[in-house]
Ligand code: SF4
Ligand code: MG
């Protein structure tokens, strides 16, 4: 399948505020610090990691809501930094987003038909009855087929229904990709599976690609074809979802998976449990960012930052255990 998005070495460093002073001299918060991945037509790439690891900033960079400090994002082969106004419009049509909180992401003063119809109105010449038909069609697709739905306001719906409305809005322009930033974490546990299954069904039907950001490994595993694991602004491992479950290579990934699994007699959980706090991204460890929590840390880990290297076909990991320096 064609690659929609190629992300190469992207960085986002924020200048740190000291009192009222913000300048490069006060230091940098390296929220995203050299991340590479691709997303192909029709697939789901999940990005998992603890809060503050840079995954939301990565999604904002992909949505062009933040400027890159460094690195390149290419959309269908074209560098976004070279975009014409026309390219930018095409990108904003092709890449849509659904955010965590369906309570704050839907304007409370607008009816559902205006919320869902807005991107269509802005980007096409569809108006009136044709626009309302389009809105009804996508609302039906997300399971909201009651004829009154377009005329109601967001507060008249439950959290799960609101997230369906947000998904309908994202689908209305038939995008190539939707960025899903914690799409179910604000919802009741009882309806998370419904929304995840809806997203998967929609993908089956229309071939949309997803870039899924979540802190919950169970959500990412349920949804994704490939999974990237982020830690302190860096991608530490990326592989097919099944491969990563069977053979997590990075000690951090191993810890995440062991924490998410029910206890199993064959797995010595106590050996791979996460200990210690996540270091501050303002003052990350030298060398490997995970070394302060890693039970396998060696002297080289404090000296040299491991690079993401291919350990098996399509399976990349950044750890000196896999790529011992000569
Ligand atoms: Fe642990 Fe060293 Fe691998 Fe980092 S590079 S994960 S500290 S073994
Ligand atoms: Mg976040």
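Can you find a residue in segment 95-106 that is over 22 Å from residue 149 (Cβ atoms) and outside any loop (DSSP other than H, G, I, E, B)? Looking through segment 95-106, at least one residue is over 22 Å from residue 149 (Cβ atoms) and outside any loop (DSSP other than H, G, I, E, B). In a residue-by-residue description of segment 296-311, the property of being at pLDDT below 85 and either over 23 Å from the mean Cα position of the chain (by Cα) or part of a loop (DSSP other than H, G, I, E, B) (or both) applies to no position.
Matching residues to (1) at pLDDT 95 or above; (2) touching a strand residue (DSSP E or B) at 6+ places or on another chain (Cβ under 8 Å); (3) closer than 20 Å to residue 39 by Cβ; (4) surrounded by fewer than 20 Cβ atoms within 10 Å (Cβ to Cβ):
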{"position": "190", "(1), (2), (3), (4)": "no, no, no, yes"}
{"position": "205", "(1), (2), (3), (4)": "yes, no, yes, yes"}
{"position": "208", "(1), (2), (3), (4)": "yes, yes, yes, no"}
{"position": "237", "(1), (2), (3), (4)": "yes, yes, yes, no"}
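Checked against (1) under 18 Å from residue 214 (Cα atoms); (2) in a loop (DSSP other than H, G, I, E, B), residue 45 passes all but condition (2).
The listed residues are 62, 142, 80, 138, and the only one of them that is surrounded by 14 or more Cβ atoms within 10 Å (Cβ to Cβ), over 27 Å from residue 201 (Cα atoms) and modelled with pLDDT of 95 or more turns out to be 80. Among the residues of segment 169-178, those that are within 19 Å of the chain's Cα centre (by Cα) and closer than 10 Å to residue 139 by Cα comprise 169, 171. Residues of segment 26-59 that are over 16 Å from residue 234 (Cβ atoms), surrounded by fewer than 18 Cβ atoms within 10 Å (Cβ to Cβ) and at pLDDT 95 or above: 38, 40, 41. Is it the case that some residue within segment 65-82 is within 14 Å of ligand 2 (Cβ to nearest atom) and either assigned to a loop (DSSP other than H, G, I, E, B) or touching a residue at least 24 places away in the same chain (Cβ under 8 Å) (or both)? The answer is yes; a qualifying residue exists.
Filtering segment 315-326 to residues that are more than 10 Å from ligand 1 (Cβ to nearest atom) and either modelled with pLDDT of 95 or more or crowded, with 16+ Cβ neighbours inside 10 Å (or both) leaves 315, 316. Residues that are out of contact with any helix residue (DSSP H, G or I) (no Cβ under 9 Å at 6 or more places or on another chain) and more than 22 Å from residue 63 (Cα to Cα) number at least 2 in the following helices (runs of 4 or more DSSP H) confined to segment 112-223: 128-141, 189-206. Residues being free of Cβ contacts under 8 Å to residues at least 40 places away in the same chain and either surrounded by fewer than 24 Cβ atoms within 10 Å (Cβ to Cβ) or in contact with a strand residue (DSSP E or B) (Cβ under 9 Å, 6 or more places away or on another chain) (or both) are represented in segment 220-229 by at least one member.
The values are calculated or read from the model by the stated rules, or taken from the named source; none is laboratory data. These numbers come from a predicted model, not from an experiment. A quick note on method: Cβ atoms are made from the backbone with ideal geometry, for glycine too, and the neighbour counts reach across all protein chains shown.
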